[in-house]
Every structure is written in C-alpha cells, then in structure tokens.
C-alpha cells in the first residue's frame, strides 16, 4: 500500500508535516518521499508541477489519486485506512464534533501565524507599515490566547480536542511546534507548552520531526514578544 | 433530529450557506435557525458568543455538540447522517481523492476573494496601496482561471469534483455564486458560469439562496475587471 504513495515535502512546513504524521499514525511507513528545498525553488520543479499546478508542497499521490491539500490528504488516509493504525476521527458524535471544530480552527491559527512570520516575505518593502505588523501580532496573540484557554479548560494530559490523539492533533500540533520554534514564550503560554511537550515525544511526531530543526534547534525569535 | 439543531447565520456568507446546503442535502429541514445581521453586529450578540468565542457566523449546535467551522459542520453532518439524503463523500478512492482535493482548494479561492472584496474593510486607509489592490486582483484572476481550467477538462454537466454533486460543491458553489454576484465576467469565465447555472437550480441551493440576494439581484461590481 504505502509503496504506491509518494510525498514531495519541505522540511518544517506544517502542512507537509501533517501528512507525514498521518502516514505514521496509519502505519503507512515505507511510502516514497522526496525532500525538496523551498530556497532552491524545487517546489516549482517538474515532478511537483506534474501533479500540482499550484507548485506547492506538500504534493501527494497514492496510485493515480492526487491530493495535495494537507487536510484533504489526511482525511483521505483516515478514510482509506480506517481500521489501520490510530483511529483519527472518533465514532462518538460529541467527540467527533470537538475534533472537527478544533481541526478547522487550526486554519485560522495558521493564517494568523503566516501574517506575522512571513510579513516581510509577503509584503513588498514599499507597502510595509509598522501599524500592520503591530495589528497582526495582536491578532496572533489573541488567537494563541484562545488556544491557551482551550487547553486550560481541559484535564491535564489532554490532547487538542479530546483525551487522546486525533486528527485535531495532526492538524494543530505542527502549528504549535512552529510557534515555539519561532520563539513563542513558554512562560506566557504554559498550557500550549505542556501540550507541545506531550505530543513532541509521540513516535509519529519524532519519526517525522523536521530534519533541519534537529541541526539548528532554535529558529528566529519573531514570536518572542507576543 | 433536525429540531435539536440551531444555526445562527448571515445572508450571503458562503460559510453559512455551505452548512445550509449540507442540511438540505442530508434531509435535515426543520432545524432551528436565526438570521442575524452583520451590519447590526449581531454576530457578537450573546447567543452567538455563548457557543462561539470568535463571535462569527455560522455558529452551529446539534444537541450539545458545537461545530462552528463550516467545513467541520458539513463533514460532521455527512458522518452523522451518512445514509440519509445525498451521499456527499464518495466511496471510491479515486472519487474521494478528487472531492477532498477540490473541497480544500476552495479555501484558497475564498482567501483570495476576501483579499479583493474586503480590501477596504480589512486594510486601514493609511495602509492601502494601489499596488496591493492590483496584486490581489491578479492573484484572484489566476486562481479563478485555475478553476475555469478544471471545469474545461471535465465532461459537460460535471460538478466541481466528479459527475455528480458532492461535498466539493457544498464548499465551492457558494464561493462561485458570490464571485458572480460581485460582477465576475461570464464571458471570461464561461465554464464557471455553466457550473453556476447548473448548480443554482438545485433544490438544496434554491431553498437556501441568500434572501437579500433575491431583493437586490446584483451586488457591487468589484470583480468586473478581473
């Protein structure tokens, strides 16, 4: 099964990481993979463009089936390999509701993190404003406080949606890890840090940990003053 | 079943519309609903804030289960009422892959439309730049051309992912309808217009058509020159 899959990915990209965690959780080790460099523009290379007209990573193929969107690929894997490995979408309606809610809230967190972290990359020099940087940081800080609050209300040792690891964690954990990599304060966000410590030891997460993070343990401190 | 559901919604909002289409497709007519006014700030009112700390529409509750994210709510409804009404996620792996891919690409289209349509609402006056407006419009135009190309490659009369109506249509149709409402050219996007004409007659879509669009058939022509 796994040998008919190929994943093109970039190190540290939360969307790529999600698919890699889902593949590990579903016991689909042994898939083909190609680590590409964003810096060298390899996400615009021919093998990627052939299956992904957006020229983005992740790009993912299973047999003839192409699903490049990280949420789509993870849901596809859960559906196609439902009884294999970890069940990522719970059966009970109450737990399912929580998982779906937190999964998709991750997209808002992702957007607000991108607005801060990639500001100078996305906004041309002549269009940059300190007021925009300040507003984006405030919006991200409020978003992270919302998540900190979610964890505060849950029992110690809980995962992002329920007491055990689900698709909500597949989605949000890489985002949280990314925030700490970019300097998020453990003192200001103690519950997020607890969650980070809990999930980072998980074998699916360890097996897919971004390789360049191992070499250079700390990223830029863009989020330090949030 | 449906009577234990309540949806707080705003007229014309694609995320709200998605849930309403899904409810119709799953034969869940008779749910409680409350049409709220964004202009009057009713999305920040107490009943909404009680189930949605973001103070956004849609806000949706089924019994005690709260799922406010439109993608999450639609997937929840499909999962909870799998054998009722329209099957929105196909069984075959090839079709499932296509549906998941197009579903989540909708989020990029949504983001690029928001960047254009809400520019003056989102960006304070002193931070606005004609160059940004131009770039956002070009990005949206390229995005819509990508979708136009998807439909060109499909058989006539196809839906957004496969030959029949699926969750991909629940997600993307409100976005396409919104684009035409805001002046998108039928001449430049003939396949999108064909798709728009095909789906707008569907009973689930007719039953949930934004009420204020009936009163004022054409919106602002922001997208006319794309």
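The values are calculated or read from the model by the stated rules, or taken from the named source; none is laboratory data. Computed from a predicted structure; not experimentally measured. A quick note on method: Cβ atoms are made from the backbone with ideal geometry, for glycine too, and the neighbour counts reach across all protein chains shown.
Okay, here's what the table says:
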{"read-out": "Residue within segment A:81-96 that is over 30 Å from residue A:222 (Cβ atoms), crowded, with 22+ Cβ neighbours inside 10 Å and more than 10 Å from chain B (Cβ to nearest Cβ) present", "value": "yes"}
{"read-out": "Subset tally (residues that are farther than 15 Å from residue A:15 by Cα and either within 10 Å of another protein chain (Cβ to nearest Cβ) or surrounded by fewer than 18 Cβ atoms within 10 Å (Cβ to Cβ) (or both)) for segment A:64-80", "value": "5"}
{"read-out": "Qualifying positions in segment A:46-63 - more than 7 Å from chain B (Cβ to nearest Cβ), more than 14 Å from residue B:104 (Cα to Cα) and surrounded by fewer than 18 Cβ atoms within 10 Å (Cβ to Cβ)", "value": "A:46, A:47, A:49, A:50, A:51, A:55, A:63"}
{"read-out": "Residue match in segment A:13-29 (condition: in contact with a helix residue (DSSP H, G or I) (Cβ under 9 Å, 6 or more places away or on another chain), exposed (fewer than 14 other Cβ atoms within 10 Å of the Cβ), modelled with pLDDT of 95 or more and more than 15 Å from residue A:165 (Cα to Cα))", "value": "yes"}
{"read-out": "Number of the condition not met by residue B:104 [criteria: (1) buried (at least 19 other Cβ atoms within 10 Å of the Cβ); (2) closer than 22 Å to residue B:197 by Cβ]", "value": "(2)"}
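Conditions (1) more than 18 Å from residue A:107 (Cα to Cα); (2) touching a residue at least 40 places away in the same chain (Cβ under 8 Å); (3) part of a loop (DSSP other than H, G, I, E, B); (4) within 13 Å of chain B (Cβ to nearest Cβ), marked per residue:
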site: A:126; (1), (2), (3), (4): yes, no, no, yes
site: A:155; (1), (2), (3), (4): yes, no, yes, no
site: A:164; (1), (2), (3), (4): yes, no, yes, no
site: A:173; (1), (2), (3), (4): no, yes, no, no
site: A:197; (1), (2), (3), (4): yes, no, no, no
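For every residue, the table says whether it meets (1) free of Cβ contacts under 8 Å to residues at least 60 places away in the same chain; (2) more than 16 Å from the chain's Cα centre (by Cα).
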site: B:78; (1), (2): no, yes
site: B:84; (1), (2): yes, yes
site: B:96; (1), (2): yes, yes
site: B:109; (1), (2): no, no
site: B:112; (1), (2): yes, no
site: B:120; (1), (2): yes, yes
site: B:123; (1), (2): yes, yes
site: B:131; (1), (2): yes, yes
